[in-house]
Amino acid sequence: MALRVLVVKTTSMGDVVHMLPAVEDLLRWHPDAQVDWLVEAPFAAIPALHPGVHRVIPQAWRKWRKKLMERATWQAIGKVRSVLRAQPYDLVIDAQGLLKSVMWALQAEGPRVGFDRQSIREPLASAFYDRKVAVSRSLQAVERNRRLMAGALGRAFEPEVPAQFGLAIPQEATWVAPVERYALLIPCASRIEKRWPEPDWVAVGERLKAAGLGLVILWGSPDEEQLAQWLAGPLGAAVPPFLTVREMAAVIGRAQMAVGLDTGFSHLAAAYGLPTVGIYCDHEPGLAGLTGPALVQSLGGKGQIPGRTEVLGAVDRALATLAVSSARD
């Protein structure tokens, strides 16, 4: 009988992307496994793009927690709980490691597995697991998730096996870039502290154009669109309309390379195998740096904004890998 596994990894987009290699490992060991994934609704498109994920169960806790006194909220919570309890699971893996995530894990029937008290983000959550896995907190997020999955399945972690993300590129495309070969610029972030100077973005765009690539600038909110349009002017770049995460994945998956801030779209670009340069202005990349099968470079950190010269050097290295790939083809 096929193994039934519930993965609880709800947020944010980058964290959800970082869980995909652990699911790939699970399916490599158990090809017939039925994998369900509980995730925040805005990011549900990410696990849905993995062919091995049987069912995506969206929830909206970020929205519901602000309306806990409303009947509609509890009705919505009840529907998700009913889905989780429809059938028992052989394993319920809480990879989020928070009290709010383990509360969701408790709604499903099956043995719960998570990080042990020394490994987890919120130690009290580990008290609710039937089995606990020790994983160093100093490891990058992808490796932590893969080690958790190996421990949950009673297997030894295989570091010699490269992390694979298994994402499909959506075949339908709501918006198509005006050029076939293009690079992505991802200059927008939710907080001003994460942003990088606009003149430096123009310099990066000019370097990419000089290499023969078109430019597409991604955005996700009205303020971000304003910045994208401002940068598009001097660069002659394309700016798509507002796109859903799935629609954005179609644009990202067809690009040649990406340069972006510490955002979910940058992590998604790396997961799709694009040579990707990540610019970290307000967060250390060590534990959540870019990971992917192509050349990925995470520059900067907390209080260490990378300079234009450093980023352009990384862009040149990424362009060099594209030239080598084109020569092989």
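The values are calculated or read from the model by the stated rules, or taken from the named source; none is laboratory data. Predicted model only: the values in this text are computed from it and were never measured. All Cβ positions, even for glycine, are placed from backbone atoms using ideal geometry, and neighbour counts span all protein chains on display. With ligands, DNA and RNA removed, areas are computed over all heavy atoms of the protein, side chains included. Shrake-Rupley method; radii C 1.70, N 1.55, O 1.52, S 1.80 Å.
At a glance:
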item	result
Odd one out for ALA152 among (1) surrounded by fewer than 16 Cβ atoms within 10 Å (Cβ to Cβ); (2) within 30 Å of ASP90 (Cβ to Cβ); (3) not charged (D, E, K, R)	(1)
Whichever residue in region 191-215 is open to solvent by 40 Å² or more (accessible area, probe 1.4 Å) and in contact with a helix residue (DSSP H, G or I) (Cβ under 9 Å, 6 or more places away or on another chain) and, among such residues, is farthest from GLY264 (Cα to Cα)	ALA211
Among the candidates GLY260, GLY286, GLY292, residue that is touching a residue at least 60 places away in the same chain (Cβ under 8 Å), in contact with a helix residue (DSSP H, G or I) (Cβ under 7 Å, 6 or more places away or on another chain), under 24 Å from PRO21 (Cβ atoms) and open to solvent by 10 Å² or more (accessible area, probe 1.4 Å)	GLY292
SER298 being modelled with pLDDT of 95 or more and open to solvent by 20 Å² or more (accessible area, probe 1.4 Å)	yes
Filter result (open to solvent by less than 80 Å² (accessible area, probe 1.4 Å) and touching a helix residue (DSSP H, G or I) at 6+ places or on another chain (Cβ under 8 Å)) within region 170-188	PRO170, ALA173, TRP175, ALA177, ALA183, LEU184, LEU185, ILE186, PRO187, CYS188
Hits in region 273-282 (condition: farther than 12 Å from ALA189 by Cα and either surrounded by fewer than 22 Cβ atoms within 10 Å (Cβ to Cβ) or acidic (Asp, Glu) (or both))	GLY273
Residue in region 232-240 that is under 26 Å from LEU20 (Cβ atoms) and in contact with a helix residue (DSSP H, G or I) (Cβ under 7 Å, 6 or more places away or on another chain) present	yes
Number of positions in region 201-224 that are closer than 24 Å to GLN256 by Cβ and either at pLDDT below 95 or in contact with a strand residue (DSSP E or B) (Cβ under 9 Å, 6 or more places away or on another chain) (or both)	15
Qualifying residue in region 13-33 (condition: of a type in the set (Val, Ile, Thr), open to solvent by less than 40 Å² (accessible area, probe 1.4 Å), touching a helix residue (DSSP H, G or I) at 6+ places or on another chain (Cβ under 6 Å) and closer than 23 Å to LEU153 by Cβ)	yes
